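The values are calculated or read from the model by the stated rules, or taken from the named source; none is laboratory data. Predicted model, so just to flag it, every value in this text is computed and none were measured. Ideal geometry is used to build each Cβ from the backbone, glycine not excepted, and the neighbour counts take in all protein chains shown. Just the protein is used for accessible areas: all its heavy atoms, side chains included, with ligands, DNA and RNA removed. Shrake-Rupley method; radii C 1.70, N 1.55, O 1.52, S 1.80 Å.
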Amino acid sequence: MRPKAHQTLNLKLLIVAVLVAFFLLFVLRSNFSTSSTSSQDHLSPSSQSLSQPKTWSEINKDCSLTCTKIPPSLSQALIHYSTSSITPQQTLKEISVSARVLEKRSPCNFLVFGLGHDSLMWSALNHGGRTIFLEEDEAWIEQIRRRFPTLESYHVSYDSKVNEAENLMEVGRGSPECTALGDPRYSICQLALKGLPSEVYETKWDLIMVDAPTGYHDEAPGRMTAIYTAGMMARNREGGGETDVFVHDVNRVVEDKFSNAFLCDKYMIQQEGRLRHFTIPSHRDGAFDRPFCPL
């Protein structure tokens, strides 16, 4: 999730354009509220009492004081991405896939495996929702927190390694406990992440992005357990509905094989570059006989 330092002008323009769109939305909403207040001022007291509640003018007055300002998080994101020469490691087209889903579903609950220079963007695009970042490197968390203290992030320890991926794949496919529906923290499957903060397990996630932990060398933790756990959280979603799950770096063997096996290739609805987008339905919606993956 920690990107390489390179300049991508088109990507910066996309980020700035999206954030400017948020700004315009707030301005338009403010103008609408102001015009509503003006029209109410021209009504007679009796008309006002009949057409609107007594507190209507008070609500508009409060809104006129607050709706003219964009939230600090959006201001910070606009300034940061307008002035920074460091851009996210995902490409313009890859980011656009997740951004379109966020446009439809935000404000929502968004879980991101990884913390990096794109984290402020994801949080801003999910304005009004809750975005949590899970990161393996404690020193990196502290560095990002000093720069962006509003981001909600937690340290996660992984006990897996990329060179164990083949054995973990066999365990996941061959063990009934790994395909059984349930909360990952209580699972006996070796692939399930059990040491995450309680709020991660207890939140109904609308979007999950797997862009960490490190997975580009044999001794790195790899994303085997993160991909598996994301899929089980989606299946275990209470109240029905679907979870959009994104996996980055699917050009690598682990991300490719584990996303197809445990998020299911038939749940995949799009691949753009190195990013795959899966839509996984809840398996707790009464269809308890639903197979782990569609047949």
Every pair of residues 6+ apart whose Cβ atoms lie under 8 Å, when the first sits in the stretch 257-268 and is of a type in the set (S, T, N, Q) while the second is assigned to a helix (DSSP H, G or I): 259/227
Residue within the stretch 186-206 that is in contact with a Leu (Cβ under 7 Å, 6 or more places away or on another chain) and under 22 Å from residue 107 (Cβ atoms) present: yes
Near pairs, Cβ below 9 angstrom, 6+ apart or cross-chain, from the stretch 124-143 (open to solvent by 30 Å² or more (accessible area, probe 1.4 Å)) to any residue that is β-branched (Val, Ile, Thr) and part of a loop (DSSP other than H, G, I, E, B): 130/203; 136/156; 136/214; 137/214
Cβ pairs under 7 Å, 6+ apart, first in the stretch 269-283 and under 18 Å from residue 223 (Cα atoms), second at pLDDT 95 or above and small (Gly, Ala, Ser): 276/259
When residues of the stretch 144-178 are limited to those that are β-branched (Val, Ile, Thr) and in contact (Cβ under 8 Å) with a residue 60 or more places away in the chain, the one surrounded by the most Cβ atoms within 10 Å (Cβ to Cβ): 162
Test for residue 208: is it of a type in the set (Val, Ile, Thr), touching a strand residue (DSSP E or B) at 6+ places or on another chain (Cβ under 7 Å) and more than 19 Å from residue 284 (Cα to Cα): no
